[in-house]
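Before I ask anything, let me first share the structure, which is written out below as structure tokens.
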Amino acid sequence: MAIIYLVRHGQNEMVGKKLAGRLPGVHLNEQGHAQARQLAAELSALPIKAVFSSPLERTQQTAEPIARIHNLPVITEPGLIEIDFGAWQAKSLKQLRRNRLWRDVQEFPDGFSFPSGESFVAAQTRIVHSLQSISQTCADTDKIICVSHCDPIRLAVAHFLGMPLNAFHRLRIDTASVTVLNLAEDKVSLGPINALAGFFAGQE
């Protein structure tokens with residue numbers, strides 16, 4: 001098992017405006033690249049054993065500076081990918097909030113599937129399975145980076161905290177934040193959750 005540092009990708013032009021989903025070509029903006037460099041510098045003192053990332057560009061670009069500073073490759077892990085938002089992908093949040101199904105997304109996600117896309121239940125199962133599979137190849141003290149997306153990270157945290165899926169929206173996961181998940185053989189523990197710039201500076 002392992003200590004997993006769950007990293008949300010850095011800022012891009014669609015954050016808070018549109019559901020980027022699995023659209024190709026969504027890259028970090030200037031702020032996002034700065035966040036990735038700062039995060040890499042802060043994590044440089046940690047003995048990171050491996051760096052995994054969702055296949056999408058914004059996560060790969062966040063993972064690359066971390067991997068580079070540790071002389072490691074970025075390992076693409078499909079299970080860390082963003083939710084498949086189906087027909088909602090690329091639509092503005094302003095537009096989606098007027099959709100009659102938006103209330104179900106916010107209040108009853110455990111029964112919701114995105115039109116022509118993925119359900120929250122399936123996404124949660126996927127991300128949890130991916131993290132457990134990665135962890136099972138490691139020793140208890142191994143520190144592993146996994147770069148993913150807001151909702152998959154929130155769904156994973158909710159699962160390991162034993163929270164109902166319908167409450168997962170209460171969790172906040174900011175861009176370039178780190179959430180630490182300790183998957184030891186005999187217990188699971190979390191903390192910090194949504195740690196922001198400065199938290200890991202100087203830690204080993």
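Does segment 177-188 contain at least one residue that is in contact (Cβ under 8 Å) with a residue 24 or more places away in the chain and either in a helix (DSSP H, G or I) or under 18 Å from V15 (Cα atoms) (or both)?
Yes; the residues of segment 177-188 include at least one that is in contact (Cβ under 8 Å) with a residue 24 or more places away in the chain and either in a helix (DSSP H, G or I) or under 18 Å from V15 (Cα atoms) (or both).
Residues checked against (1) among the hydrophobic types (A, V, I, L, M, F, W, C); (2) closer than 30 Å to P73 by Cβ; (3) over 19 Å from the mean Cα position of the chain (by Cα); (4) crowded, with 19+ Cβ neighbours inside 10 Å:
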{"site": "N99", "(1), (2), (3), (4)": "no, no, yes, no"}
{"site": "S113", "(1), (2), (3), (4)": "no, no, yes, no"}
{"site": "S119", "(1), (2), (3), (4)": "no, no, no, no"}
{"site": "V128", "(1), (2), (3), (4)": "yes, yes, no, no"}
{"site": "A167", "(1), (2), (3), (4)": "yes, no, no, no"}
{"site": "N182", "(1), (2), (3), (4)": "no, yes, no, no"}
{"site": "G191", "(1), (2), (3), (4)": "no, yes, no, no"}
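Quick one: what pairs do we get from segment 111-138, first residue free of Cβ contacts under 8 Å to residues at least 24 places away in the same chain, second part of a loop (DSSP other than H, G, I, E, B), C-beta under 8 Å, 6+ apart or different chains?
Pairs that qualify, where the first residue is free of Cβ contacts under 8 Å to residues at least 24 places away in the same chain and the partner is part of a loop (DSSP other than H, G, I, E, B), are F112/L101; S119/F112.
Let me ask you something else. Which condition number does V178 fail, the rest of (1) closer than 17 Å to L46 by Cβ; (2) loosely packed, with under 13 Cβ neighbours inside 10 Å being met?
Result: V178 passes all but (2).
If you don't mind, another one. Is it true that some residue in segment 93-104 is closer than 24 Å to G10 by Cβ and of a type outside the set (A, V, I, L, M)?
Yes - at least one qualifying residue is present in segment 93-104.
Report, ordered by the first and then the second residue, all pairs with beta carbons closer than 6 Å, sequence separation of six or more or different chains, a first member in segment 41-70 that is farther than 17 Å from R8 by Cβ, and a second member that is among the hydroxyl-bearing types (S, T, Y).
Once the first residue is farther than 17 Å from R8 by Cβ and sits in segment 41-70, its partners that are among the hydroxyl-bearing types (S, T, Y) give I69/S44.
Taking only segment 114-132 into account, find how many residues are modelled with pLDDT under 95 and of a type in the set (S, T, Y).
Matching residues across segment 114-132 total 0.
Looking at I144, I173, I153, which one is over 9 Å from the mean Cα position of the chain (by Cα) and either modelled with pLDDT of 95 or more or on the phi > 0 side of the Ramachandran plot (or both)?
The unique qualifying residue is I144.
With the condition being among the polar types (S, T, N, Q) and modelled with pLDDT of 95 or more, I'd like the strands (runs of 3 or more DSSP E) fully within segment 1-110 carrying at least 1 qualifying residues.
Passing ranges, in order: 48-53, 74-76.
Within segment 9-31, count every residue that is touching a Ser or Thr at 6+ places or on another chain (Cβ under 7 Å) and either farther than 18 Å from T76 by Cβ or among the polar types (S, T, N, Q) (or both).
4
Shifting gears a bit: For E42, are the conditions met, namely being within 27 Å of A197 (Cα to Cα), among the charged types (D, E, K, R) and either under 18 Å from the mean Cα position of the chain (by Cα) or surrounded by 16 or more Cβ atoms within 10 Å (Cβ to Cβ) (or both)?
yes
The values are calculated or read from the model by the stated rules, or taken from the named source; none is laboratory data. Here the structure is a predicted model, which means the values were calculated and not measured. Counting neighbours? That spans all protein chains shown, and the Cβs are built from the backbone with ideal geometry, glycine included.
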